[in-house]
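Student: Below you'll find the structure I mean.
The values are calculated or read from the model by the stated rules, or taken from the named source; none is laboratory data. From a predicted model like this one, the values you see are computed outputs, not experimental measurements. Cβ atoms come from the backbone with ideal geometry, glycine included; neighbour counts cover every protein chain shown. When the accessible area is computed, the model is the full protein with side chains, heavy atoms only, and any ligands, DNA or RNA have been set aside. Shrake-Rupley method; radii C 1.70, N 1.55, O 1.52, S 1.80 Å.
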Amino acid sequence: MKPLSETDIRDSFVNATRGEIERIPLPGLHEVLWDSREYLGWRDPQARQRGYLVHWSGDTPVGIVLRASEVALSHGISAMCALCRTAQPSHQVTMFSAPRAGEAGRNGNTVGTYICDDLACSMIIRIAPAAQPMHPDPAEVISSRAEGLLGRVNAFTADIMRTA
């Protein structure tokens, strides 16, 4: 992922008002390992129900505001993140919804999906599988996972930007 500045991030949000964008707390950008992620995702430390996701779509950063469900999945079951497609314990996957961009979002239309609770899919897909005769090179597996993750993130944000 190409690095993002604070201005890039604030200008990227497609489903928030200017006032909401100004109040978004940003993560420590100097700590981000940009080469090891497909998107920048973080939770609001003051309002745990809020999350944010920013990625590059071509040469344009696209950001979305997310809201985590207040209802947790049942304990003792597995759940799968729709972005990284990793099965995890249910408390590590959360239903996030995002208002659509434009008038559709102002009218209350949202898009939702299950995403890793900490929005750290980029780290999870980089957990290398053990090399085995039946599996390709672990680096190839990670590359394939990264490509799939980015495609699903692009599709999710495209759905949010679709206003009709």
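Student: Restricting attention to segment 127-154, which residues are surrounded by 13 or more Cβ atoms within 10 Å (Cβ to Cβ) and under 30 Å from Ser74 (Cβ atoms)? So that I can check it myself, show each step before the final result.
Tutor: Let us first name the residues in segment 127-154 that are surrounded by 13 or more Cβ atoms within 10 Å (Cβ to Cβ), namely 138, 141-143, 145-146, 148-150, 152-154.
Within segment 127-154, Arg145, Gly148, Leu149, Arg152, Val153 qualify.
Student: Still on this structure, please answer the following. Consider segment 14-44. How many of its residues are of a type in the set (A, V, I, L, M), over 16 Å from Phe96 (Cβ atoms) and not in a loop (DSSP other than H, G, I, E, B)? Lay out the reasoning, then the answer.
Tutor: Kept after step one, since they are of a type in the set (A, V, I, L, M), are these residues of segment 14-44: 14, 16, 21, 24, 26, 29, 32-33, 40.
Keeping just the survivors that are over 16 Å from Phe96 (Cβ atoms) gives 21, 26, 29, 32-33.
Those left that are additionally not in a loop (DSSP other than H, G, I, E, B): 21, 29.
Residues that pass the stated criteria total 2.
Student: Now a separate question. What are the pairs with Cβ atoms under 7 angstrom where one residue, in segment 102-120, is in a helix (DSSP H, G or I) and the other, located anywhere, is open to solvent by 30 Å² or more (accessible area, probe 1.4 Å)? Sequence gap at least six, or different chains.
Tutor: Within 7 Å, the pairs are Gly102/Thr163; Glu103/Thr163; Ala104/Thr163; Gly105/Pro99.
Student: Now, a different point. Pick from segment 121-155 the residues that are farther than 16 Å from Met80 by Cα and touching a residue at least 12 places away in the same chain (Cβ under 8 Å): which of them is farthest from the chain's Cα centre (by Cα)?
Tutor: The extreme case among them is Pro129.
Student: Now for a different question. Restricting to segment 70-92, give me the number of residues that are modelled with pLDDT under 95 and under 25 Å from Phe13 (Cα atoms).
Tutor: Here the count works out to 1.
Student: Could you name every one of the strands (runs of 3 or more DSSP E) located completely within segment 46-98 that has at least 3 residues being closer than 15 Å to Cys121 by Cα and touching a residue at least 24 places away in the same chain (Cβ under 8 Å)?
Tutor: Values: elements: 50-57, 60-68, 78-80, 87-89.
Where strands (runs of 3 or more DSSP E) fall fully within segment 46-98 and carry at least 3 residues being closer than 15 Å to Cys121 by Cα and touching a residue at least 24 places away in the same chain (Cβ under 8 Å), they are 50-57.
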